[in-house]
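Working notes for the structure below.
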Amino acid sequence: MRIAVLSETDAAEPRVAAVPETVKKYKALGADVVVQSGAGLSAGVPDAEYEAVGATVAASAEDAARDADLVLKVRRPSAEEAKLLKRGATVVAIMDPYGREDELKVLADAGLDTFAMEFMPRITRAQVMDVLSSQANLAGYRAVIDGAAEYGRSMPMMMTAAGTVPAARVFIMGVGVAGLQAIATARRLGAVVTATDVRPATKEQVESLGAKFVAVEDDEFKQAETAGGYAKEMSAEYQRKQADLVKGHIAKQDIVITTALIPGRPAPKLVSEEMVASMKPGSVLVDLAVERGGNVAGAKAGEIVTTANGAKIVGHLNVPGRLAATASALYARNLYAFLETLIDKESKALAIKWDDELVKATNLTRDGQVVHPSFQPKAA
Ligand code: NAD
C-alpha cells in the first residue's frame with residue numbers, strides 16, 4: 001500500500017496532513033509513504049525529517065500522487081489534483097463540502113473514494129479522530145493570543161513602582177471547544193474573564209474554569225440544547241433579551257472573543273454595530289466565526305478592521321493554521337487514528353468496512369458516485 005502526503009495547493013493553508021510521528025506509524029503498518037517535497041515546510045517539518053523516518057520524498061505532486069492508494073490532505077483536493085490520482089484511490093481530508101456539490105461530483109467522477117474528517121461522529125470511540133475539536137481548541141487559544149497582541153495594554157494586573165495597571169476584562173461568547181480554551185488561556189494570562197452561551201450545560205464549565213457566566217437564564221435557555229449537545233437557533237425574543245444583557249456588559253470589556261456557531265446555519269449575529277460602538281478605544285474583538293458569516297457586525301474575513309471609535313475587529317482566516325506546527329501534529333494524529341481502522345494488519349492493505357458507522361458518516365464519494373446522504377438530490 002502506497003500512502004501519499006501532498007502539499008496543500010491553497011496558499012492560505014500552512015498545515016500538513018502527516019508529521020514524522022505518524023509517518024513512522026504508517027510505515028509500521030507496512031505502508032510505503034511518499035511525501036511531496038516541501039509539504040511540511042510551513043508547518044516546520046523539512047523533507048529530511050520525513051526521510052529520517054523512512055518516507056520517500058517526491059519532487060512534484062505528480063510523482064507523489066502516482067499510484068498512491070491512500071492520499072492524505074488537509075483540504076479537499078482540487079480538480080487538478082484529482083486528475084493526478086488513480087481511480088479507486090482513497091482520499092482523506094477536511095472536505096468542507098457544503099455548497100461545493102459540483103466539486104464533489106468532480107471527485108466522484110475521478111473515481112476517488114473520499115472521506116470528510118469533519119463529519120466524524122462525536123462519539124467516545126471517535127474522540128481521538130475529532131478534527132473539529134483538535135483544531136477548535138487551538139483556535140480558541142490563538143484567538144486570545146491574537147487579541148492580546150492587538151490590545152495595547154497588558155493582560156494581568158500589575159503592581160509596579162510606577163503604579164498599578166488593572167487586569168484586562170475579557171468576554172468569551174460561545175463556550176464550545178474553542179470558547180473553553182479561550183477562557184482558560186485568558187485566565188492564564190491574568191485577565192478577568194466572563195463568558196456566555198445559549199447551552200445551559202456551559203454555565204458549570206465556565207465557572208469551573210474560574211470565569212463568570214453571563215446569560216439570560218429563562219425557560220427557553222433551559223431547553224436550548226439538542227440531543228447531540230449542540231446549540232439550537234434561539235427565538236427572536238430570546239436573542240433580543242440576550243442582546244440587552246450583553247449590551248451593557250460589552251461596553252465594559254477590553255477584549256471580546258466570539259466563537260458561536262450553529263451546525264449547518266450561518267453564524268449567529270451576537271455583537272451589533274451599536275455594541276461595537278459602545279466599546280472603549282483600544283478594545284479588541286476577535287471573531288472566530290468570521291468564515292461562517294461572523295458573530296460581530298463589521299468583521300471582515302482575513303482583515304483587522306479599526307472602527308470609528310478606535311476598536312479593532314480581528315477576522316483572521318484559518319486560525320488553527322496560525323499554529324501550523326501544533327495544528328498539523330494534532331490533525332495528523334486524528335487522521336492516523338481513523339486510517340488505522342481502515343487498514344488490515346495482515347494484508348497491510350486498505351480494507352474499508354463500509355458499514356462501520358465512522359465510515360458511513362464520513363464517506364462522501366465512492367465508486368464514481370456521491371454517496372453521502374447530505375448530498376443526495378432532493379426528491380421532487
Ligand atoms: P460549535 O463550534 O458548534 O459552537 C460553539 C459554541 O457556540 C457552542 O457552545 C454553542 O452553544 C455556542 N452558541 C451558538 N449560538 C450561540 C448564541 N446565540 N449565543 C452564545 N453562544 C452560542 O461547538 P463545539 O465546540 O463543536 O461544541 C459543541 C458541543 O459538542 C459541546 O457540547 C461540546 O462539549 C460537544 N463536543 C463533544 C465531543 C465528544 O463527545 N467527542 C467533542 C467535542 C465537542
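Quick notes
- Residues of the stretch 90-127 satisfying the condition of being surrounded by fewer than 21 Cβ atoms within 10 Å (Cβ to Cβ) and within 16 Å of the ligand (Cβ to nearest atom): D96, Y98, E118, F119, P121, R122, I123, T124, R125, A126, Q127
- If only residues of the stretch 235-255 that are among the small types (G, A, S) and under 15 Å from V296 (Cβ atoms) are counted, the one that is farthest from the ligand (Cβ to nearest atom) is A251.
- Taken together, the residues in the stretch 191-220 that are out of contact with any helix residue (DSSP H, G or I) (no Cβ under 9 Å at 6 or more places or on another chain) and free of Cβ contacts under 8 Å to residues at least 24 places away in the same chain amount to 5.
- Remark: A297 matches the filter, which requires a residue to be farther than 30 Å from E21 by Cα and touching a helix residue (DSSP H, G or I) at 6+ places or on another chain (Cβ under 7 Å).
- Considering only residues in the stretch 156-185 that are among the small types (G, A, S), within 16 Å of the ligand (Cβ to nearest atom) and not in a loop (DSSP other than H, G, I, E, B), the one that is farthest from L261 (Cα to Cα) turns out to be A184.
- Residue check for A143: farther than 30 Å from L339 by Cα, crowded, with 22+ Cβ neighbours inside 10 Å and within 16 Å of the ligand (Cβ to nearest atom): yes
- Residue match in the stretch 182-198 (condition: modelled with pLDDT under 95 and closer than 27 Å to A297 by Cβ): yes
- Restricted to helices (runs of 4 or more DSSP H) entirely inside the stretch 1-110, no element has at least 3 residues that are among the hydroxyl-bearing types (S, T, Y).
The values are calculated or read from the model by the stated rules, or taken from the named source; none is laboratory data. In this text, all values refer to a predicted model and were calculated from it rather than measured experimentally. Backbone-built Cβ (ideal geometry, glycine too); neighbour counts: all protein chains shown.
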